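The values are calculated or read from the model by the stated rules, or taken from the named source; none is laboratory data. No experiment lies behind these values; they were computed from the predicted model shown. When we count neighbours, we look across all protein chains shown, and the Cβ atoms used for this are built from the backbone with ideal geometry, even at glycine. What goes into the accessible areas is simple: the full protein's heavy atoms, side chains included, and nothing from ligands, DNA or RNA. Shrake-Rupley method; radii C 1.70, N 1.55, O 1.52, S 1.80 Å.
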Amino acid sequence: MKRDPMAAPSVSESAITASLLFAIGLGQTPDPQSPALAADLKETVIRMLEDQGASAQVTQAIDAVRAGRDAVAADPSLSLSAQKYEQRRSQFLAAQGSAPGRGRKVWPVGASTILKRASGSWSAALQNVGLAPSTRARPSGFGTARFSEEQFKAALRDFTADGGRAGFTTSYQSYVDWRKLQQQGGRSDLPSGPSIRNSYGSWNAALEQDGVQPGGTTPDES
């Protein structure tokens, strides 16, 4: 699949995903036995914090993102209000002496940026990282999972089948691009890339359970 470089967003999906998971995991300790953080998330956090002069906070931030990911994997009902998100973000930025400025990209990204990327819907933003608020959230703000196990499997099957015919690889980014095209065609039953990654522990683990070699071609490819 080809991507239009002119349409590339100023803030990456990885930055947004890492920001939301960070807010969920802030103050928690990640399980030392859990998988390492996905490379794109880790690299984005490190690069953005270093760019804003907050290298000393990298370890705390990575641990919080991992803890958030682990928490979501253990309980898909987790959620977070936009207000609570901004409170935790402000707390972290204040501790490092960083503040948003015109034209300056600060991580964790602002709630307004997250909303803009999700067409103004905070619920959609949460669903994009594997969270789905229910109409009757618990006091902690947690709801219910949006997709079933079979829907996760069906999404991976459809993705790899289409990839075999179209000739694209099974990379995480290929799935993100493919899902966007499917949604433009009217499909609403496909979990987001972050949601799949959270549910299986990693993108490679999801592919392996679907019988596909991580980073390789789909079963139908020559």
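Applying a threshold of 8 Å to beta carbon distances and a minimum spacing of six or more residues, or different chains, the list of pairs starting in the stretch 26-38 at a residue that is on the phi < 0 side of the Ramachandran plot and ending at one that is open to solvent by less than 80 Å² (accessible area, probe 1.4 Å) and acidic (Asp, Glu) reads 29/63; 30/63; 30/70; 31/70; 34/70.
Residues in the stretch 187-201 that are open to solvent by 40 Å² or more (accessible area, probe 1.4 Å) and over 14 Å from residue 158 (Cβ atoms): 199, 200.
Answer with yes or no whether residue 132 is within 18 Å of residue 14 (Cβ to Cβ), open to solvent by less than 20 Å² (accessible area, probe 1.4 Å) and either modelled with pLDDT of 80 or more or under 15 Å from the mean Cα position of the chain (by Cα) (or both).
So residue 132 fails the test.
Under the condition of being open to solvent by 50 Å² or more (accessible area, probe 1.4 Å) and either aromatic (Phe, Trp, Tyr) or under 14 Å from the mean Cα position of the chain (by Cα) (or both), the residues counted in the stretch 49-88 number 2.
I want to confirm something. Restricting to the stretch 148-168 and keeping residues that are open to solvent by 60 Å² or more (accessible area, probe 1.4 Å) and of a type outside the set (Lys, Arg), which single residue is farthest from residue 40 (Cα to Cα)?
Only one residue fits best here, namely 150.
Within the stretch 10-35, being of a type outside the set (Ser, Thr, Tyr), within 15 Å of the chain's Cα centre (by Cα) and part of a loop (DSSP other than H, G, I, E, B) holds for one residue alone: 11. Looking only at the stretch 164-201, filter to residues that are modelled with pLDDT of 80 or more, within 21 Å of residue 35 (Cα to Cα) and small (Gly, Ala, Ser); which one of those is farthest from the chain's Cα centre (by Cα)? That would be 171.
Filtering the stretch 164-175 to residues that are under 19 Å from residue 209 (Cβ atoms) and part of a helix (DSSP H, G or I) leaves 164, 172, 174, 175.
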